[in-house]
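Inspection log for the structure reproduced underneath, given as structure tokens.
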């Protein structure tokens with residue numbers, strides 16, 4: 001039995017923000033076994049980052065005890081920092097320094113002897129694949145490369161304990177895979193103890209152990225398998241040849257006894273309260289010929305099951321939109337043709353073309369920095385186009401009359417309402433902007449408050465609301481004037497799985513009622529919600545079609561049922577092969 | 001949309017802008033802190049008047065005339081006689097160490113010369129390192145000696161000088177520099193506040209992403225502009241009114257002209273500063289840039305306005321630039337209203353350039369709103 005490398009006993013931490021007191025951590029106790037990867041998982045605001053910062057001695061402890069490598073966290077914080085490496089959520093890189101200069105800086109900070117540097121640098125560059133880029137400015141690296149450099153900097157001196165705060169968020173699947181590879185190699189080679197937080201629940205299954213944190217309290221520490229046992233025999237795949245997945249999900253999620261209904265490949269993934277699913281049959285017509293299949297439960301199933309118990313607020317209020325139910329028609333609403341945008345010599349969006357039909361959910365998938373938001377901003381008329389064309393409902397929004405914007409709703413990636421104004425003040429203001437006054441205004445505001453359950457926050461400054469409510473509020477503003485076309489830029493980034501489900505339920509309902517939705521995301525599995533989609537990387541479109549078509553692209557003998565992530569990796573690798581082939585052609589005359 | 005709906009929209013935009021400004025503790029401080037601090041600093045500390053001229057006397061003359069001269073000098077409320085010295089070598093260290101501003105050296109024959117009806121000789125040594133102060137001290141001393149001359153002439157001791165200069169300062173009878181400076185602050189402060197408030201407004205929204213959210217609504221940029229201009233205008237006019245009241249009630253400035261003419265000036269001046277602020281704001285991406293931009297405009301605008309130094313003293317080419325400065329026009333109006341009872345008809349040459357500056361800057365700001373996005 002090995003001694004715990006990190007142990008935490010009855011840890012508490014509170015913050016005071018203005019008049020509010022926030023209990024970030026409440027009596028948390030756990031220990032990390034040496035030489036393995038432990039995942040730290042929980043919704044936003046659960047206290048993950050606070051916990052990590054406490055472990056590194058960057059915050060002071062209110063009460064409780066932290067021991068790292070036998071050192072006491074309260075009195076020997078400086079010594080702890082020498083044996084712990086921490087990679088914060090926003091990488092602590094200097095964007096104006098080159099890759100090499102960043103490494104040198106961290107080597108200096110960590111006091112790595114000059115004689116040892118060369119060999120360590122070579123190891124790290126080989127590991128991260130950054131060797132060809134040592135002279136490049138860190139600010140000019142792609143999102144994935146930045147994260148790898150951040151990790152390399154944290155590993156300049158082999159630490160005993162490595163703490164990584166959401167290292168893979170927003171990073172493309174290939175870089176994610178590589179990051180995990182590096183982490184595991186370090187664990188095996190150096191016997192490092194790793195604590196890693198993540199928003200991707202599928203990554204939990206790659207951890208040896210998982211700590212589940214919720215509202216500052218620790219719910220459970222166990223292996224992923226033990227977590228999954230909890231929902232054993234309660235996970236199902238439901239499908240019907242006659243109903244779309246979206247309609248099926250909409251209906252299932254309203255049924256009592258269903259804990260979770262999620263659109264996945266080939267149907268709707270359902271978690272039931274008991275080990276019996278036959279009760280759903282009477283709610284459907286015999287003609288729908290519903291098929292149910294028991295499947296292996298995932299960590300996510302158990303996570304949702306666990307959190308729903310703690311969360312009374314289920315957010316099942318559906319949106320009833322004003323447009324009569326119409327199914328996706330062939331009418332093209334959004335047209336993008338050879339769209340290009342450059343910033344200096346950087347091509348952010350390169351000859352992107354696609355069409356979006358009325359009443360469909362159209363997804364733009366890609367990692368951070370793929371050019372999704374830039375495309376969006378051009379479509380909404382917020383950014384001038386370098387070349388090419390785009391039109392929304394037949395007009396170019398940059399040059400069209402202002403009234404044309406009455407048709408669109410826009411939700412920016414970053415929370416972008418007035419933080420110093422209350423919910424009511426914001427709603428009133430945006431209603432006025434959309435020409436809603438007096439009675440009409442009151443009616444729509446009441447609708448927004450009711451639908452998005454904003455009542456308790458009426459007079460709260462929007463900046464002080466929890467993240468999930470901020471997102472609801474942004475969605476409410478985007479829908480204030482009942483637009484026919486919705487632009488949603490990374491609506492699910494940074495929000496927890498429960499809020500994501502709630503968001504998609506609302507979006508599905510809107511699409512069902514005929515609203516055209518254009519959405520960007522870096523969560524590959526969210527592609528299953530889309531009718532059509534494009535996959536973007538480095539400003540170009542890699543592929544377009546239905547989610548099924550995408551997956552078929554990647555279908556191979558060794559991969560009979562590829563996931564969306566597999567498809568994405570396949571497409572990127574293909575592009576890289578093409579590029580290297582082209583380079584060979586150029587070099588051989 | 002009907003006119004009524006346009007009006008409702010503008011009101012909603014202006015209310016939003018005011019709320020965003022007033023609900024934020026930091027921006028509230030910007031509105032209250034600097035005006036009060038500047039008013040106190042300028043009102044009390046910034047003065048051209050010399051109240052404490054430090055003096056040393058080196059009197060080699062034992063006579064009665066020299067004693068009378070010295071008592072006149074030391075009796076002046078503006079002059080402090082600090083040292084009476086006995087030797088010429090003591091002069092240099094006193095001036096060098098800035099112990100005294102000037103030394104009066106009275107010739108041994110002074111009283112004897114005066115009593116014989118000849119000119120007495122007095123030497124005045126001044127610290128010329130600050131030429132402005134030295135000039136003022138020289139003038140004070142000259143004035144005292146002139147009065148002494150006249151007195152002696154009346155007593156028949158001397159023949160009176162052939163010409164006597166009787167000076168009268170109109171409008172500021174006692175030439176109090178506070179009148180000049182406090183009236184100038186009215187312009188200076190409402191410029192600073194309305195400029196900073198508007199310069200930050202668009203940049204703040206850009207930084208927080210709210211500007212995008214605003215630009216995807218059907219609201220026309222012209223309305224956004226009006227919505228942003230109104231709070232700047234209101235706040236600028238309120239600040240100006242506050243200082244006008246303080247100037248009259250606290251600093252005892254006279255108010256001799258037409259209040260309507262002054263407020264027409266305040267309105268046009270604030271409008272042009274709001275225009276400049278919005279123009280700066282729509283060029284900048286971050287608030288930091290906006291603050292820097294505002295100060296890049298402010299410093300030359302104050303220097304070129306005639307706030308402290310007369311425009312007429314500037315080189316011709318620089319004088320041409322001052323015509324672009326709204327503060328130049330407003331200072332003429334405000335000083336004239338306070339001190340010389342100026343009214344509308346006198347101010348047309350000041351009003352219309354401000355109208356042109358306001359229209360030009362506001363139009364450019366509206367254009368830049370949409371076109372300058374990166």
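As a footprinting exposure proxy, order B:60, A:5, A:561 by other Cβ within 10 Å, with the fewest listed first.
A:561, B:60, A:5
If you fit an axis through the alpha-carbon atoms of helix B:287-303 and take the longest principal axis of the Cα set of chain B, what angle between them do you get, 0 to 90°, nearest 10?
With both axes taken from Cα atoms, the answer is about 40 degrees.
Partner chain Cβ atoms within 10 Å, averaged over the residues of B:8-20 - can you pull that number for me?
Taking the mean over all residues of the peptide, I get 4.
At 0.36 nm per residue, minus the direct Cα-Cα distance, what do residue A:402 and residue A:44 gain on full extension? Give it in nm, one decimal, please.
125.1 nm
Quick one: helix B:259-283 against the long Cα principal axis of chain B, what's the angle to the nearest 10°, folded into 0 to 90?
Tilt of helix B:259-283: around 60 degrees.
Counting only other chains, and only Cβ atoms inside 10 Å, what mean value do you get across the residues of A:402-408?
3
What order do you get for A:427, B:249 when you list them from fewest to most C-beta neighbours inside 10 Å?
Sorted ascending by nearby Cβ count, the order is B:249, A:427.
Quick check on the exposure proxy: order A:121, A:434 from fewest to most C-beta atoms within 10 angstrom.
Neighbour counts put them in this order, fewest first: A:121, A:434.
Out of the DSSP beta bridges found with both residues in chain A, what percent are antiparallel (nearest 5)?
Counting DSSP beta bridges with both partners in chain A, the antiparallel share is about 60 percent.
What whole-number distance in Å separates the alpha-carbon centres of region A:224-302 and region A:353-420?
Distance between centres, Cα-based: 35 Å.
How do B:45-53, A:244-252 rank on mean C-beta neighbours within 10 Å, highest first?
Descending mean neighbour count gives A:244-252, B:45-53.
Under the definition of partner shielding as Cβ atoms of other protein chains within 10 Å of a residue Cβ, what is the mean value for peptide A:380-386?
Mean partner-chain Cβ count within 10 Å for A:380-386: 3.
May I ask for the distance between the Cα centers of region B:291-367 and region B:236-280, given as a whole number of Å?
Each part reduced to its Cα centre gives a spacing of 13 Å.
Could you tell me the distance between the Cα centroids of region A:26-58 and region A:541-582, to the nearest Å?
Between the Cα centres of region A:26-58 and region A:541-582 lies a distance of 36 Å.
Give me the percent relative contact order of chain A, please, defined on Cα pairs under 8 angstrom at least 6 residues apart.
13
Could you state the angle between the C-alpha long axis of helix A:245-254 and the longest principal axis of the C-alpha atoms of chain A, as a value from 0 to 90 degrees rounded to the nearest 10?
The answer is roughly 80 degrees.
Read-outs throughout are calculated quantities, based only on the coordinates presented, and are distinct from any laboratory measurement. All values derive from a computational prediction rather than experimental measurement. Please note: Cβ atoms are built from the backbone with ideal geometry, for glycine as well, and neighbour counts cover all protein chains shown.
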